[in-house]
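**Student:** I'd like to ask some things about the structure below.
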Amino acid sequence: MNAFIESLSSGPAKIGLWQALANNYTAEICAEAGFDWLLFDGEHSPNTAQTLLGQLQAVAASPVHAIARVPAHDDWIIKQYLDLGFRTLLVPMVDSAEQAKAIVAATRYPPHGVRGVASSTSRAARFGQATSYLATANSTTGVIVQIESRSGLNAIEEIAAVEGVDALFIGPGDLSAALGHLGAPMADEVQSAVDDAVHRVLATGKPCGIFGLGKADADKRISQGVRFVSIGTDIGVLMNGAKALRAQFK
């Protein structure tokens, strides 16, 4: 079983922080701040395989769980992220059960999927020294799919029913754009859609995650039963801290 997914079944909601600076040093600092999980973003950040590798190595000594958001559904990208050593992936823009099935297949070795085998050169398998990796990787890889479109909303139950989908994550930013409220995720229509999505995800029995839009919003989602919440970004922490410091001397 995947350790992060298993942790969602009990205890308080897991609090995370988005990593978008693509920097080893800041990743290590954030890992020491006490978050339950860090999300390393390959979709909207200047991350490469090399920068992701460095950040994984930087946080390895911390108990924080490293999750990666892949930039696309492509099999080769998913394979590469897993070989680097990420055990849990967040996949954006999942609109249907068919897409979810293909994503799960990309994370599984044959005969249960299409993931290519390279254990002797894979960091995840400790370069061939973790002799049990090939036998256990399918069952220990976590797959979280992101719901952030009208199609995704309409297919929540079907997506959640896909074997191998471990959790669903609601992205209010893209969802607000899809609903005609670009840049306004707190718009009433968007918030109603998120309320409904959270309820429907939880009704499937799968854990629900979300990007919290501030303290009050995060608290609301946790009270609704959301099991893992991102409460900000490393960029936001730096920007807000820098602005607050500068404001002291105006």
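FYI, it's all coordinate maths here, none of it is from the lab. As the structure is a computational prediction, the values presented were derived from the model and not from experiment. Note that we place each Cβ from the backbone using ideal geometry, even for glycine, and neighbour counts take in every protein chain shown.
**Student:** How much length is gained if the chain between A3 and H112 is pulled fully straight, taking 0.36 nm per residue apart and subtracting their Cα-Cα distance, in nm to one decimal?
**Tutor:** 37.2 nm is the gain from fully extending A3 to H112.
**Student:** Tell me the relative contact order for the chain as a rounded percent, counting alpha carbon contacts under 8 Å between residues six or more apart.
**Tutor:** It comes to 19 percent, rounded to a whole number.
**Student:** Want the number for R246 to A60: 0.36 nm per residue separation, take away the alpha-carbon distance, what's left?
**Tutor:** Residue separation times 0.36 nm, minus the Cα-Cα distance, leaves 63.6 nm.
**Student:** Report the calculated FRET efficiency for E163 and L238 (r = Cβ-Cβ distance, R0 = 35 Å), to the nearest 0.05.
**Tutor:** E between E163 and L238, to the nearest 0.05, is 0.30.
**Student:** Compare L82, L238, L179 in a GNM of the chain, Cα atoms joined below 10 Å, and give the one with the largest fluctuation.
**Tutor:** With Cα springs under 10 Å in the chain, the top fluctuation among L82, L238, L179 is at L238.
**Student:** Dipole of the stretch 128-204, Cα-centred, from +1 at each Lys and Arg C-beta and -1 at each Asp and Glu C-beta, to the nearest 20 debye?
**Tutor:** About 220 debye.
**Student:** To continue, here is another question. If you place +1 on the Cβ of every Lys and Arg and -1 on the Cβ of every Asp and Glu, how big does the dipole about the Cα centre of the stretch 1-104 come out, in debye to the nearest 20?
**Tutor:** 120 debye
**Student:** Let me spell out the model: positive unit charges on the Cβ of Lys and Arg, negative unit charges on the Cβ of Asp and Glu, origin at the Cα centre of the chain. What dipole size does that give, in debye rounded to 20?
**Tutor:** 600 debye
**Student:** Would the stretch 51-125 count as rounded, prolate or oblate if I go by the C-alpha gyration tensor, calling it rounded below 1.5 in a/c and otherwise prolate when a/b exceeds b/c, oblate otherwise?
**Tutor:** Oblate shape, in that a/c is at least 1.5 and b/c is the bigger or equal ratio.
**Student:** Where Rh denotes the Kirkwood radius from the mean inverse Cα pair distance, what is Rg over Rh for the chain?
**Tutor:** 0.97
**Student:** More than 23 angstrom separation, counting every C-alpha pair in the stretch 14-148; what % is that?
**Tutor:** The proportion of pairs with Cα distances above 23 Å equals 31 percent.
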